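First up is the structure itself, then whatever we jot down about it.
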Amino acid sequence: MGSLSQRDVNQMDGNQVKAKNSGGGVCLMSNIWRDEQHPSTINFMSNFLSTNSFRLNFVPIAPDLIFNCGGLSVAFAFVTSWDCSNTSSIFCRVQKLMKQFANFYVVVALPTKEQNDSFVQSYFRNGMEIGKPPFVPVQDVEMGFEKIVKIAHSRGACKQQDVMSKLRTERKRSVQVMDAFRRVMSSVPGLDDHDANSLNQAIGSIEAIAKASKEYILENTDLSVDKAERIRSFFRDPKFYLSPKIN
């Protein structure tokens with residue numbers, strides 16, 4: 001394909017700078033793959049990435065593209081020119097890349113019926129297993145790149161949602177643990193929520209509080225001598241913690 005002129009490189013560099021200010025994801029593009037594409041194609045991709053808040057970097061990488069989005073890396077092989085007479089090399093490369101990247105997709109531009117038929121026949125002839133990796137046939141290069149960005153963005157969004165779900169679960173568990181802690185500590189006559197929070201922050205778990213001496217409680221919290229003595233008795237004196245209590 002056509003090589004990049006200095007004008008094209010300057011235009012892409014300008015787009016790259018604009019995209020860097022957006023704070024979105026990152027697209028790593030193989031510099032070898034870039035040089036095989038038409039300059040107008042690279043300019044379209046650069047502008048599209050900038051519009052969608054992605055930074056574009058040209059680097060020596062094995063796949064054609066790697067998107068880092070939402071804490072997840074997704075690799076792509078992007079076949080922009082399907083050669084009906086040389087399909088084996090494409091599938092050989094795909095199988096090699098599939099072993100290197102956990103999140104890997106192959107996008108293939110097939111604008112003609114002849115190319116589409118060639119792809120279908122060669123897909124099964126080369127022993128590919130459906131979905132491993134996922135192939136995305138498209139009608140043209142522009143559509144293919146838009147698909148790539150959408151896939152990367154959606155995978156990143158799912159990753160973020162998974163992280164947020166885990167954080168919400170952890171937060172809920174922390175609240176439940178703290179509620180249980182307060183219920184236990186409120187069983188000690190005379191202790192309120194402030195005392196329970198003070199003990200939790202200064203000493204920690206109920207087990208640690210049960211083992212703490214009166215002196216240690218007094219040194220590390222703002223509890224009174226009377227409350228510290230009640231805590232010591234609550235956990236260590238059977239006559240105290242087995243007796244009925246009315247709050």
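Note on region 25-168: Rg/Rh from Cα positions, Kirkwood definition for Rh, rounded to two decimals, is 0.98.
Of the accessible area of region 25-168, with the probe set at 1.4 angstrom, what percent is carbon plus sulfur? The computed percentage sits at 53.
With K and R counted +1 and D and E -1, the other residues having a Cβ less than 15 Å from that of Ala77 yield a net charge of +3.
Can you check what the net charge comes to around Val106, using other residues whose Cβ is under 14 Å from the Cβ of Val106 (Lys, Arg +1; Asp, Glu -1)? The partial results should precede the final answer.
Numbers: positive: Arg93, Lys96, Lys99, Lys132, Lys147; negative: Asp64, Glu129.
That sum, taken over residues with Cβ under 14 Å, equals +3.
What's the FRET efficiency of Asn43 with Arg168 using the Cβ-Cβ distance as r and R₀ = 45 Å, to the nearest 0.05? In this case the efficiency is close to 0.60.
What do you reckon, how do Lys99, Lys214 stack up by accessible area (1.4 Å probe), largest on top? Numbers along the way, then the final one.
Working: Lys99 175, Lys214 55 Å².
The ranking, largest first, comes out as Lys99, Lys214.
Over region 177-239, Cα pairs under 8 Å with separation of 6+ residues give a relative contact order of 30 percent.
Using a simple spin-label model with pseudo-atoms 7 Å out from Cα toward Cβ, Gln121 and Glu229 lie 9.7 nm apart.
Step through the residues of region 49-54 one at a time and calculate ³J(HN,Hα) from phi using the Karplus curve (6.51 cos²θ - 1.76 cosθ + 1.60, θ = phi - 60°), rounding each to whole Hz and writing x for Gly and Pro. Per residue, the Karplus-derived 3J(HN,Hα) values read 5, 4, 4, 9, 6, 10 Hz.
Comparing Cα centroids, region 67-127 and region 156-228 end up 54 angstrom apart.
Measuring nothing but how far apart in sequence close Cα pairs (under 8 Å, 6+ apart) lie, relative to its length, region 25-168 scores a relative contact order of 25 percent.
For region 56-64, backbone phi angles converted through the Karplus equation (6.51, -1.76, 1.60; θ = phi - 60°) give residue-by-residue couplings of 10, 10, 9, 9, x, 10, 6, x, 6 Hz, Gly and Pro being listed as x. Applied to region 216-225, the Karplus parametrisation 6.51 cos²θ - 1.76 cosθ + 1.60 on θ = phi - 60° returns per-residue 3J(HN,Hα) values of 5, 4, 5, 6, 10, 9, 9, 6, 6, 4 Hz, with x for Gly and Pro.
The values are calculated or read from the model by the stated rules, or taken from the named source; none is laboratory data. On a predicted model such as this, the values are computed, not experimentally measured, just so you know. Virtual Cβ from ideal backbone geometry, glycine too; neighbours counted across all protein chains shown. What goes into the accessible areas is simple: the full protein's heavy atoms, side chains included, and nothing from ligands, DNA or RNA. Shrake-Rupley method; radii C 1.70, N 1.55, O 1.52, S 1.80 Å.
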